[in-house]
Amino acid sequence: MRRRSAVAAVLLGALCTASFSGCAAQAPSSAPTHLEITIRADGNAISAQFLLDCNGANALDSSTLPNAADACKLITDKPEIISSQDDPQAICTEIYGGPEKAEISGKLAGKTISTSFSKHNGCAIERWNRAELLLDQ
């Protein structure tokens, strides 16, 4: 009886190992991210430009953005931070946060994006703040 239990345990263990390794082999790899970030502190002239290259949540050496490792993790966990736009029907406070503007373009996990940021009202300021790791230098 013990021998059957031992054989069954070994077979079950082998089956589980084969199943999990098969799942790992089939897991899709995330597409690389390559973003160009342009900051205009006065709203007009370019004050800074950066590259952010990520392989999943890992920053690549070609990145020039300060805190690139944290930025890659952020956009991997929450890509909507830079891919979503403000709802045009949203009611926003009319608070002016400053002249700063920024543009981000390139590939986000393999998908083409082109988006801009400003601080022209409360909604835009909140959106800027969510992406501040990419924008505030």
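List of remarks:
- FRET efficiency, GLN85 to ASP136 (Cβ-Cβ, R0 22 Å, nearest 0.05): 0.65
- Segment 32-128: proportion of alpha-carbon pairs further apart than 21 angstrom, %: 35 percent
- The fraction of accessible area contributed by carbon and sulfur in segment 89-136 is 54 percent, rounded to a whole number (1.4 Å probe; ligands and nucleic acids excluded).
- Spin-label pair THR115-ALA45: with each label point 7 Å from Cα along the Cα-Cβ axis, the two points sit 2.9 nm from one another.
- Only lysine pairs 8 or more places apart or on separate chains count here, and in segment 73-130 those with Cα atoms under 23 Å apart total 8.
The values are calculated or read from the model by the stated rules, or taken from the named source; none is laboratory data. As the structure is a computational prediction, the values presented were derived from the model and not from experiment. Glycine also receives a Cβ, built like all others from the backbone with ideal geometry; neighbour counts cover every protein chain displayed. These area figures cover heavy atoms from the full protein model, side chains too; ligands, DNA and RNA do not enter into them. Shrake-Rupley method; radii C 1.70, N 1.55, O 1.52, S 1.80 Å.
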